[in-house]
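Participant: Sharing a structure with you now.
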Amino acid sequence: AHQWQGVIEEYRYRLPVSADTPVVTLGEGGTPLVAAQWLSEQTGCEVWLKVEGNNPTGSFKDRGMTVAISLAAQAGDKAVVCASTGNTSASAAAYAVRAGMVPLVLIPAGRIAKGKLAQAVVHGAKLVQIDGGFDDCLRIVRELGKHYPVALVNSVNPVRLEGQKTAAFEVCDALGDAPDLHLLPVGNAGNIAAYWKGYQEYAKDKLATRTPQMWGFQAEGAAPIVRGAIVEKPETAATAIRVGNPASWTLAEAARDESGGRIEMITDEMILNAQRELAAREGVFVEPASAAGIAGLLHAKAQGWLPGGSTIAITVTGHGLKDIDTALDHVSMDESPVTAADTDAVARVAGLA
Ligand code: F0G
């Protein structure tokens, strides 16, 4: 029986590792590509979901982190540092402690989802809450990396994107070719660049006949690439993509332009609706930021942008359980009253009797 070995062993020949690299893995990657029946009906396209919440720490960040931490271990680093809206820090913490390193994480105070905070805490990260946003955190960790003996594991470290590009390989391996379109959320803009790199490699080596158009989606209140200007005070309920000055801005624009794609924005309302619909109709629960690509798909359909019959892959980037507070916001438990432990009473309350 085959057990998935993690992205380094599965795609070793395409990653910047050597025989001497100690592989630090939690079995990341190999995530399901799920057929989206409802979204396909809504759009007249063949829609697939790359469900990245199925990674070990619940987001796509694990793909890049296995490579970053393995190479840091090879270099003899003792401590790693990252800035994060929550998922990078959860992943960095898990992989760092597995490698016997100390994880140091900087997060915007009060602005990361509870599940992610819990992950950093249980893995034993040294947690510094910054009075500022993600962009402030990133500026500081870059300085720390320059002046102190800590390895920077944000996606400004190019090996992170190398690991993340494996998701594009998996989509092609599952579909037998690249899709026509690939949709995904854009925050710090590393992932769109990573997918584009992966798709280009597969096409160049004839493992796919084409590359997809890359379509990225930012939240309206945090859409610097769409607006063409840094957003000083980014704001969105999708805290994972609350980024005003993305590190991989130029790479994201290159992915858009070289692929003939687009980077667009959608409102928080569209994101939260898409999150609910995806959970209620497809059975896939993602965190708010992860629904940006779904909101983008529905928006694109409404705008008439979608070529009918296209094959579309959408990355849903992180698990819904990371942020249950947002999911339960505006939910009233009045509709699920506490009921006597009695079958007849339950049948009445449930509308069966
Ligand atoms: N979706 C989720 C769930 C994320 O956590 C992120 C980024 C993105 C999408 C956007 O990906 O930054 O490569 O464009 N989270 C980073 C973090 C910023 O710190 O966890 P991106």
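Participant: Per-residue counts of other Cβ atoms within 10 Å, averaged by peptide: what ranking do you get for 214-225, 334-345, 104-115, 300-311, highest first?
Facilitator: The packing order, highest mean first, is 214-225, 104-115, 300-311, 334-345.
Participant: Now for a different question. Mind telling me which of 261, 318, 86 comes out most flexible in a GNM of the chain, alpha-carbon contacts under 10 Å?
Facilitator: 261
Participant: Now, a different point. For region 61-157, what is the largest minus smallest coordinate of the Cα atoms on each principal axis, given in angstrom and ordered from greatest to least?
Facilitator: Result, largest extent first: 35, 27, 20 Å.
Participant: Mind checking which of 118, 208, 75 has the largest fluctuation in a GNM of the chain, springs on alpha carbons under 10 Å?
Facilitator: 75
Participant: Here's another thing I want to ask about it. In terms of modelled amide H atoms, which long-range or inter-chain residues lie less than 5 Å from the amide H of residue 152?
Facilitator: 81
Participant: Turning to a different aspect of this structure: Go ahead and run the numbers for FRET between residue 230 and residue 344, Cβ-Cβ distance against an R0 of 45 Å, rounding to 0.05.
Facilitator: My answer for the efficiency is 0.10.
Participant: Under a straight-distance cross-link criterion of Cα-Cα below 18 Å, which lysines are reachable from residue 233, leaving out those fewer than 8 residues away in the same chain?
Facilitator: Cross-link targets: none qualify.
Participant: Once the convex hull of the C-alpha atoms of the chain is built, how many Å³ does it hold per residue, rounded to a whole number?
Facilitator: Values: hull volume 58.3 nm³, N = 353.
It comes to 165 Å³ per residue, whole-number rounded.
Participant: Under 22 Å between alpha carbons, and skipping anything fewer than 8 positions from residue 61 in its own chain: which lysines qualify?
Facilitator: Once the sequence-local lysines are set aside, what remains near residue 61 is 50, 78, 114, 116, 126, 165, 197, 322.
Participant: Could you give me D for region 169-222, from Stokes-Einstein at 10 °C and 1.306 mPa s, where the hydrodynamic radius is the Kirkwood radius over C-alpha pairs? Units µm² s⁻¹, please.
Facilitator: D, rounded to a whole number, is 137 µm²/s.
Participant: Turning to a different aspect of this structure: Over all pairs of distinct alpha carbons, what does the Kirkwood formula give as the hydrodynamic radius of region 1-127, in Å?
Facilitator: Numbers: mean 1/r = 0.0635 Å⁻¹.
That comes to 15.8 Å for region 1-127.
Participant: Shifting gears a bit: With +1 on each Lys and Arg Cβ and -1 on each Asp and Glu Cβ, and nothing else charged, work out how big the dipole of the chain is about its Cα centre, in Debye to the nearest 20.
Facilitator: Dipole magnitude for the chain comes out near 940 debye.
Participant: Here's something else I'd like to know. Considering only the chain, what is the antiparallel percent among its DSSP beta bridges, to the nearest 5?
Facilitator: For the chain, the DSSP antiparallel bridge percentage is about 15.
Each value in this text was obtained by applying a stated rule to the coordinates, not by laboratory testing. Values in this document were obtained by computation on a predicted structure and should not be read as measured data. Using ideal geometry, Cβ is built from the backbone for each residue, glycine included, and neighbour counts are taken over all protein chains shown.
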